[in-house]
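The structure appears right after this line, and notes come after that.
Read the figures in this text as sums done on the coordinates, not as results from a lab. Just so it is clear, the structure is predicted and the values come from calculations on it, not from any experiment. A quick note on method: Cβ atoms are made from the backbone with ideal geometry, for glycine too, and the neighbour counts reach across all protein chains shown.
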Amino acid sequence: MSEYGKELKEKQKLKRFYGLREKQFKKYIEAVLEKRGKVEDASLLLIDLLERRLDNVVFRLGLAKSRREARQLVSHSHFLVNEKPVNIPSFKVKKDDIVCLKETKKKKPVFQNFSSSLKNYQAPNWLKLDKSKLEGKVVGNPSAEEITSAVDIPSIFEFYSR
């Protein structure tokens, strides 16, 4: 496989991992590339931007079975961020933000058995999950180790810097 092919494969892998379209993903890459000389680790900045999306945070908290389901639940206004309704999946949560399920939505069949399925779930270190209230708090910054699939992020930057 050519170098271009390897870079394209890595880009597609990360893009699909987060369930983003090309245009969305390219905006994140361009934002990181603008700050490339100003930040210590561009790869960590990209991971931070992708992990802090509201749909990803809902998934990481265990309030959805997949990122696709989390995206749909956020789009249908099932969640509050700091007690305000947010229906934008790309909304960037910040440290100390509280993400919770709306009280009126807790009665929905999707969430009926969540307390039992969350008993054994362990949220990432940068999120704190309150399983009884079905809410989570952002307590830190995501790390590169949070990504379960091995992706060569520098090759993605090489792909876009052509």
Exercise for review: In whole Hz, with x marking every Gly and Pro, tabulate ³J(HN,Hα) for segment 105-116 from phi via Karplus 6.51 cos²θ - 1.76 cosθ + 1.60, θ = phi - 60°.
Suggested key: 8, 5, 7, 5, x, 4, 9, 4, 9, 5, 4, 6
Check your understanding: Stretched out fully, how many nm does the piece from Arg21 to Arg162 gain, at 0.36 nm a residue minus the Cα gap?
Key -> 48.8 nm
Review point. With point charges of +1 on the Cβ of Lys and Arg and -1 on the Cβ of Asp and Glu, referenced to the Cα centre of segment 120-162, which listed residue (Leu129, Pro142, Ile156) lies farthest in the positive direction of the dipole?
Key: Leu129
Practice item. Using Cα positions and a limit of under 20 Å, work out the aspartates and glutamates in reach of Lys128, with same-chain residues fewer than 8 apart set aside. Key: Asp48, Glu51, Asp55, Glu83, Asp96, Asp97, Glu103, Glu145, Glu146
Practice item. Find the centroid of the Cα atoms in segment 55-73 and in segment 31-45, then give the distance between the two in whole Å. Key: 26
**Study point:** Within straight-line cross-link reach of Lys9, lysines at Cα separation under 23 Å, skipping those fewer than 8 residues along the same chain
**Key:** Lys23, Lys26, Lys27
Review point. Applying 1/(1 + (r/R0)^6) with R0 = 22 Å to the Cβ-Cβ distance of Glu34 and Asp96, what FRET efficiency is obtained, to the nearest 0.05?
Key: 0.25
Point to revise | Fewest-first ranking of Arg60, Arg16, Arg162, Arg67, using other Cβ atoms within 10 Å as the exposure measure | key: Arg162, Arg16, Arg67, Arg60
Review point. Considering only Cα-Cα distances, which of the following residue pairs are longer than 28 Å: Lys11/Lys133; Lys105/Lys137; Lys6/Lys95; Lys35/Lys65; Lys13/Lys108; Lys13/Lys105?
Key: Lys11/Lys133; Lys6/Lys95; Lys35/Lys65; Lys13/Lys108; Lys13/Lys105
**Study point:** Integer Hz, Karplus 6.51/-1.76/1.60 couplings in order for segment 130-138, x for Gly and Pro
**Key:** 9, 5, 6, 8, 6, 9, x, 10, 7
Review point. In whole Å, what three semi-axes, largest first, describe the equivalent ellipsoid of segment 1-54 built from its Cα gyration tensor (square root of 5 times each eigenvalue)?
Key: 19, 15, 10
Exercise for review: For Glu135, list long-range residues whose amide hydrogen, built 1.01 Å from N in the peptide plane, is under 5 Å from its own amide hydrogen.
Suggested key: Asp130
Exercise for review: Can you tell me the relative contact order of segment 1-152? Whole percent, Cα pairs under 8 Å, sequence separation 6 or more.
Suggested key: 21
**Study point:** Distant-in-sequence amide H partners of Val86 (H built 1.01 Å from N, under 5 Å)
**Key:** Phe79, Val81
